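Report on one structure; see the data block that follows.
The values are calculated or read from the model by the stated rules, or taken from the named source; none is laboratory data. In this text the structure is predicted, and so the values were computed from the model without any measurement. Heads up, the Cβs are rebuilt from the backbone with ideal geometry, glycines too, and the neighbour counts pull from every protein chain shown. The area values use the complete protein model at the heavy-atom level, side chains included, leaving out ligands, DNA and RNA. Shrake-Rupley method; radii C 1.70, N 1.55, O 1.52, S 1.80 Å.
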Amino acid sequence: MTEMTASVTAARPPSDITKRSLPVSLIVHALLIAASLLMVYPLLWMVSASVRPETEIFSSTSLIPSSIDFSSYARGWVGLDVSFGRFFWNSLVISLLVVTGNVIACSLTAFAFARLRFAGRNFWFAIMLGTLMIPYHVTLIPQYVLFLNLGWVNTILPLVVPKFLASDAFFIFLMVQFFRGIPRELDEAAMMDGCSAWRIYWKIMLPLSLPVLATAAIFSFIWTWDDFFGPLIYLNDMNTYTIQLGLRTFVDSTSASDWGGLFAMSTLTLVPVFFFFLFFQRLLIEGIATTGMKR
């Protein structure tokens, strides 16, 4: 009976199978498109609100404004006591320093866990993984007291220096899994040629680990660029504000809020993240797909 069913299925023309699967495929794609439009609607509405007249921002849910007005961009850029370009520069400096610190420190730490043999390696690796389960708010007060005693409050140092000390266990774990997929025969051949552990890391591991390094860099940049809580705690001077703190200043609970300027600057803050992700999308997908897999 099974053989007869298989023979009938095999004898069925491919066109019949295609015709039957076409309606299902159309329904699935229609649902996916509808879900995509639902998720992207708030973003499109924000872009539309940035060019609406101030009186029409909250009066309509349509994505097509009655008239286009770009004055919100000019007003938002220079409407505060400090130019919004200053906030962009502060966020860019902090984000690039965090990316540099995470890529360098986390890759060195991951190389040690993945390739070097030292006493208590498994123990310290387990401790490092355990830090992933500690909420950030648990360590917030001790860290703040430490940075306050060091005189680092109201500077970017509390946001940058810990990244150069391999404080992000997630990226270390990600890189360890990737490094373990690189054949050890490469290390052994390099050691026979007289290479030190440092040269193996610099000449062999890093060039082969470009996808996972790009993944860590992209996530570090996006998370730092969008971070609000960290700068809120440590930055008090408006000249040191990041873009997230700058956006908050457009909304005032005691006086009028500039909603047009807020939506205009919010739209501009998405541009660097969009292009950063667009340029490194291939490396990001490759890094996530190959992490933990044998090559």
| query | When the Karplus curve 6.51 cos²θ - 1.76 cosθ + 1.60 is applied with θ = phi - 60°, which whole-Hz ³J(HN,Hα) does each residue of region 263-278 get, with x for Gly and Pro? | reply | 5, 5, 6, 5, 5, 5, 5, 7, 5, x, 5, 4, 6, 4, 5, 5
| Highest-first arrangement of 132-140, 174-182, 70-78, where packing means the average Cβ count within 10 Å | 174-182, 70-78, 132-140
| How large is ³J(HN,Hα), in whole Hz, for each residue of region 220-225 in order, when computed from phi with the Karplus curve 6.51 cos²θ - 1.76 cosθ + 1.60 and θ = phi - 60°, using x for Gly and Pro? | 4, 5, 5, 5, 6, 4
| note | From highest to lowest solvent-accessible area (probe 1.4 Å; ligands, DNA and RNA excluded), Asp258, Asp81, Asp237 read Asp81, Asp237, Asp258
| message | At 1.4 Å probe radius, can you tell me the per residue accessible area of the chain in Å²? | response | 59 Å²
| What FRET efficiency would be calculated for the residue pair Thr131, Met238, taking the C-beta separation as r and a Förster radius of 41 Å, to the nearest 0.05? | 0.75
| request: Give, in nm to one decimal, the length gained when the segment between Glu185 and Asn122 is fully stretched (0.36 nm per residue of separation minus the Cα-Cα distance). | output: 20.5 nm
| request: Quick one: work out Rg over Rh on the C-alpha atoms of region 83-292, Rh as Kirkwood radius. | output: 1.04
| query | Can you list the HN-Hα couplings for region 141-155, worked out from phi with the Karplus curve (6.51, -1.76, 1.60; θ = phi - 60°), rounded to whole Hz and with x for Gly and Pro? | reply | 5, x, 5, 5, 4, 4, 5, 5, 5, 7, x, 9, 5, 6, 10
| task | Run the accessible area of the chain with a 1.4 Å probe and give the carbon-and-sulfur part as a rounded percent. | result | 71 percent
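Taking the Cβ-Cβ separation of Leu165 and Leu210 as r and a Förster radius of 25 Å, what is the calculated FRET efficiency to the nearest 0.05?
For R0 = 25 Å, the calculated efficiency reads 0.60.
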| said: Could you tell me how far the Cα centroid of region 227-280 sits from the Cα centroid of region 100-175, in Å? | reply: 26 Å
